[in-house]
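Working notes, beginning with the structure itself.
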Amino acid sequence: MNFDSLGLAAPILEAIAAAGYTEPTAVQAQAVPEALAGRDLMVSSQTGSGKTAAFMLPALQLLTVPHALAGNGPRVLVLTPTRELSMQVTRATETYGRNLRRIKTVSIVGGMPYPVQNKLLRMGVDILVATPGRLLDQMNSGRVDLSRLQLLVLDEADRMLDMGFSEDLEAIVSKTPASRQTMLFSATMEPAIVRLASAMLKDPVRISVDSQQAPHLNIEQRLHFADDMGHKNRLLDHVLRDAEMKQAIVFTSTKRAADDLAQSLLQSGFSAGALHGDMKQSQRSRTLQSLRSGGLRVLVATDVAARGIDVQGISHVINYDLPRQAEDYVHRIGRTGRAGRQGIAISFVGLRDRNVVRTIERFTAQPIPVSVVPGLEPRPRSASAPARPSDRPTSVRRHSSPDAPGRLRGSVFSNTASGVIVFA
Ligand code: ADP
Ligand code: MG
């Protein structure tokens with residue numbers, strides 16, 4: 001397929017060609033025709049799949065036809081979770097819209113001086129790219145008129161929710177015309193996103209590409225057998241002191257364990273912090289901010305809290321406790337290897353976690369190679385320590401009661417599912 005068949009205007013096609021794009025990505029091929037037909041969209045696809053053009057090309061097409069109403073207010077509003085992402089979207093707009101005359105794109109984000117923003121807004125805007133907090137500020141001071149708005153885009157909606165922008169989003173959307181077209185983009189379609197979508201979208205077309213199950217080829221997975229919690233702690237210490245380690249997210253199965261582990265890492269001299277659902281939103285934002293700025297090197301988190309975190313410096317994901325669901329494993333390891341970088345995902349596996357590993361391997365259709373740290377080998381009893389460091393854990397399987405595999409699997413899973421920590 002090529003771009004010509006999508007129904008875009010010639011100046012836009014020329015700009016795409018000049019950018020070196022020869023064919024649409026999967027998400028673009030599916031989203032652009034529906035968007036041009038005026039439909040609301042709910043799109044999930046991985047980072048790097050080309051979502052920006054998927055919404056920006058139809059947005060630019062919209063601007064090739066003059067608006068019926070005169071005015072200064074934006075016709076397209078793109079909301080993004082972070083300043084960096086706003087800048088990225090603004091740059092993409094300039095690339096894709098370079099052959100269109102008189103299109104004004106303005107970025108309104110926190111940290112930028114108000115007088116500059118006020119002036120930009122006064123001069124008139126076609127495409128406004130903004131983070132929710134600062135936009136709401138400017139709206140409340142009467143500087144943004146959304147009455148001409150035709151298209152609203154929520155980019156990285158999952159991250160906006162994670163960062164606590166839910167109420168700001170509601171307040172902003174309530175000030176937009178009901179006649180608007182709305183597109184929501186997210187890496188995941190977790191329940192909170194589906195709720196947001198059902199409140200803001202009208203009969204959306206759902207598009208889902210690059211299933212979460214797709215193998216993460218740029219993430220190296222490793223498995224360490226651990227005898228007990230003390231062994232896990234020594235392995236963790238070793239991994240965190242590795243020269244390759246830039247920043248890590250360590251997953252625990254409970255909030256309490258996240259707090260305790262963060263505390264003990266702090267005492268060992270690591271710049272560590274916890275992130276979980278019991279923390280106040282302001283604390284969570286501060287923690288995420290310091291992760292993003294690099295001040296925090298080790299984040300100890302639970303699954304829900306870490307959903308959608310996109311920090312390029314995360315070199316390691318460590319499953320201190322294995323997740324309860326295979327899907328969670330995929331979400332967890334996807335926190336590293338962002339933006340095309342290499343990442344390392346390490347899982348600590350107890351004697352009784354073997355069947356969880358097997359379920360994960362089946363789900364991802366990828367074996368997780370076993371790794372051993374010299375001096376920190378597991379006791380032979382618990383680990384069936386492999387002869388070769390990169391062996392698949394097949395040797396483990398031989399030991400796992402071949403006459404009754406179903407019973408064993410059932411009991412291990414009910415243990416983890418009820419939150420019992422296997423090694424107390
Ligand atoms: P996402 O928002 O899904 O993470 P982006 O829109 O940021 O992805 O695009 C990721 C990268 O892919 C960007 O560098 C962009 O220029 C490039 N890109 C997007 N669409 C295409 C395409 N059709 N052909 C080639 N490169 C593309
Ligand atoms: Mg994007």
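The values are calculated or read from the model by the stated rules, or taken from the named source; none is laboratory data. Values in this document were obtained by computation on a predicted structure and should not be read as measured data. For neighbour counting, all protein chains shown are included, and Cβ atoms are generated from backbone atoms with ideal geometry for every residue, glycine included. These accessible areas exclude ligands, DNA and RNA; they are computed on the full protein's heavy atoms, side chains included. Shrake-Rupley method; radii C 1.70, N 1.55, O 1.52, S 1.80 Å.
I want to confirm something. Restricting to the stretch 61-86 and keeping residues that are within 15 Å of residue 97 (Cα to Cα) and of a type in the set (S, T, N, Q), which single residue is least open to solvent (accessible area, probe 1.4 Å)? Top of the filtered list is 61. Per the conditions (1) in a loop (DSSP other than H, G, I, E, B); (2) within 12 Å of ligand 2 (Cβ to nearest atom), the sole criterion not satisfied by residue 86 is (1). The criterion of being at pLDDT 95 or above, within 19 Å of the chain's Cα centre (by Cα) and either of a type in the set (D, E, K, R) or within 16 Å of ligand 2 (Cβ to nearest atom) (or both) does not hold for residue 56. For the stretch 173-187, a tally of residues being modelled with pLDDT of 95 or more, among the polar types (S, T, N, Q) and open to solvent by less than 30 Å² (accessible area, probe 1.4 Å) returns 3.
Within the set 269, 294, 313, the sole residue that is more than 17 Å from residue 329 (Cα to Cα), at pLDDT 85 or above and out of contact with any Gly (no Cβ under 9 Å at 6 or more places or on another chain) turns out to be 269. Of all residues in the stretch 30-53, those satisfying the criterion of being modelled with pLDDT of 95 or more and of a type in the set (Gly, Ala, Ser) are 31, 35, 37, 38, 53. With respect to (1) within 16 Å of ligand 1 (Cβ to nearest atom); (2) touching a Pro at 6+ places or on another chain (Cβ under 6 Å); (3) at negative phi, the lone exception for residue 168 is condition (1). Number of residues in the stretch 92-142 that are under 18 Å from residue 82 (Cα atoms) and open to solvent by 40 Å² or more (accessible area, probe 1.4 Å): the value is 5.
Is it the case that some residue within the stretch 126-133 is in a loop (DSSP other than H, G, I, E, B), of a type outside the set (Val, Ile, Thr), in contact with a helix residue (DSSP H, G or I) (Cβ under 9 Å, 6 or more places away or on another chain) and on the phi > 0 side of the Ramachandran plot? The answer is no, given that none of the residues of the stretch 126-133 is in a loop (DSSP other than H, G, I, E, B), of a type outside the set (Val, Ile, Thr), in contact with a helix residue (DSSP H, G or I) (Cβ under 9 Å, 6 or more places away or on another chain) and on the phi > 0 side of the Ramachandran plot.
When each of 170, 156 is tested for being within 24 Å of residue 105 (Cα to Cα) and either open to solvent by 40 Å² or more (accessible area, probe 1.4 Å) or not acidic (Asp, Glu) (or both), the lone residue that passes is 170. Of all residue pairs spaced 6 or more apart or on separate chains, those with beta-carbon atoms under 6 Å, a first member in the stretch 156-181 that is under 15 Å from residue 192 (Cβ atoms) and a second member that is in a strand (DSSP E or B) are 157/184; 157/186; 158/186. Residues that are closer than 17 Å to residue 160 by Cβ, outside any helix (DSSP H, G or I) and in contact with a strand residue (DSSP E or B) (Cβ under 6 Å, 6 or more places away or on another chain) within the stretch 89-125 comprise 107, 108, listed in sequence order.
Checked against (1) farther than 27 Å from residue 43 by Cα; (2) out of contact with any Phe, Trp or Tyr (no Cβ under 8 Å at 6 or more places or on another chain), residue 205 meets all criteria but (1). Do we have any residue at all in the stretch 5-18 that's within 14 Å of ligand 1 (Cβ to nearest atom), of a type in the set (Ser, Thr, Tyr) and more than 30 Å from residue 123 (Cα to Cα)? Scanning the stretch 5-18, I find at least one residue that is within 14 Å of ligand 1 (Cβ to nearest atom), of a type in the set (Ser, Thr, Tyr) and more than 30 Å from residue 123 (Cα to Cα), so the answer is yes.
Only one entry in 83, 98, 75 is within 14 Å of ligand 1 (Cβ to nearest atom) and either over 25 Å from residue 217 (Cα atoms) or not hydroxyl-bearing (Ser, Thr, Tyr) (or both), namely 98. In the stretch 59-83, the qualifying residues are those that are in a helix (DSSP H, G or I) and within 16 Å of ligand 2 (Cβ to nearest atom), and the one that is nearest to the chain's Cα centre (by Cα) is 83. Filtering 154, 128, 146, 161 for residues that are closer than 24 Å to residue 287 by Cα, modelled with pLDDT of 95 or more and of a type outside the set (Ser, Thr, Tyr) leaves a single hit, 154.
Within the stretch 1-51, the set of residues being β-branched (Val, Ile, Thr), within 16 Å of ligand 2 (Cβ to nearest atom) and outside any loop (DSSP other than H, G, I, E, B) comprises 27, 32, 43. The set of residues in the stretch 35-59 that are more than 14 Å from ligand 1 (Cβ to nearest atom) and either within 25 Å of residue 312 (Cα to Cα) or crowded, with 17+ Cβ neighbours inside 10 Å (or both) comprises 35, 39, 40, 42.
Filtering the stretch 1-24 to residues that are open to solvent by 50 Å² or more (accessible area, probe 1.4 Å) and within 18 Å of residue 92 (Cβ to Cβ) leaves 14, 17, 18, 20, 21, 22, 23.
Here residue 32 qualifies as free of Cβ contacts under 8 Å to residues at least 40 places away in the same chain and within 12 Å of ligand 1 (Cβ to nearest atom).
So for the stretch 332-341 (the condition being touching a helix residue (DSSP H, G or I) at 6+ places or on another chain (Cβ under 7 Å) and open to solvent by 30 Å² or more (accessible area, probe 1.4 Å)), does at least one residue qualify? Within the stretch 332-341, none of the residues are touching a helix residue (DSSP H, G or I) at 6+ places or on another chain (Cβ under 7 Å) and open to solvent by 30 Å² or more (accessible area, probe 1.4 Å).
Count of the stretch 133-157 residues, restricted to those that are away from ligand 2 (no atom under 16 Å from the Cβ) and more than 16 Å from residue 180 (Cβ to Cβ), is 9.
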